[in-house]
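Written out below as structure tokens is the structure these notes cover.
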Amino acid sequence: SPGDYGITFVPWDTDSQGKEQSVLDRLAALSSNFMSWLAGSPTELYRAETGNCGANCYPGGWHFAPGKIVIYNDHGFGSDYNTLCTLTHELGHEIATRTDLYTGFLSCFESGEERTPYGTNAISEDVAETIGIYAKNQIIGYSTATCSGGTYDLNSRPCHLALAQQVFGTEGGILP
């Protein structure tokens, strides 16, 4: 369960549309190896309704501090695709801030030729988007669609694919 990895929902008690359950279902679909990277330090998931954004509403999230993630514009967040992409992207930020993943990935990012469409300006976004794309491809099915609306063939990017396989294929252990 998410609680086994220190994930708590703060505050989702007014959730009348099953959004917390949608998040729980997506977390349960992730591998225990992925989840183990989050062990050792609590991660809090917050929810923010921002329903007055008209046509500009899209589900998303924000890793706003170590151990703290907010899910926003979550009307429409119930789809497997949106929930999975948002969670794994934001949890990817959390994993990367707790480890030295950035160090090993820096040469890939600096070459520029493998950057994800969403991560063109920041290595942290490139790492998080790589993790989100890989999760989507493994759980929902492979496609060249990114989590942020672009296209990106992760299978043809060996450096990015290796990072994602490391996160999903090996146990993270207890992190600081």
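A few points about this structure:
- Förster radius 25 Å - calculated FRET efficiency between Thr151 and Thr8 (Cβ-Cβ, nearest 0.05): 0.10
- In this simple spin-label model, placing a label point 7 Å from the Cα along the Cα-to-Cβ direction at both Glu171 and Ala122 gives a separation of 3.3 nm.
- Once the Cα-Cα distance is subtracted from the 0.36 nm per residue extended length, the Thr144 to Ala162 segment shows a gain of 4.8 nm.
- P(r) of segment 129-168 over all Cα-Cα pairs, binned every 10 Å from zero, in whole percent: 34, 62, 4
- Rounded to 0.05, the FRET efficiency of the Ala28 and Leu106 pair, given R0 = 35 Å and the Cβ-Cβ distance, is 0.60.
Taken together, the values in this text are just the output of simple stated rules run on the coordinates, not laboratory data. Bear in mind that the values here come from a model prediction, so they are computed numbers and not experimental data. Neighbour counts run over all protein chains shown; Cβ positions are idealised from the backbone, glycine included.
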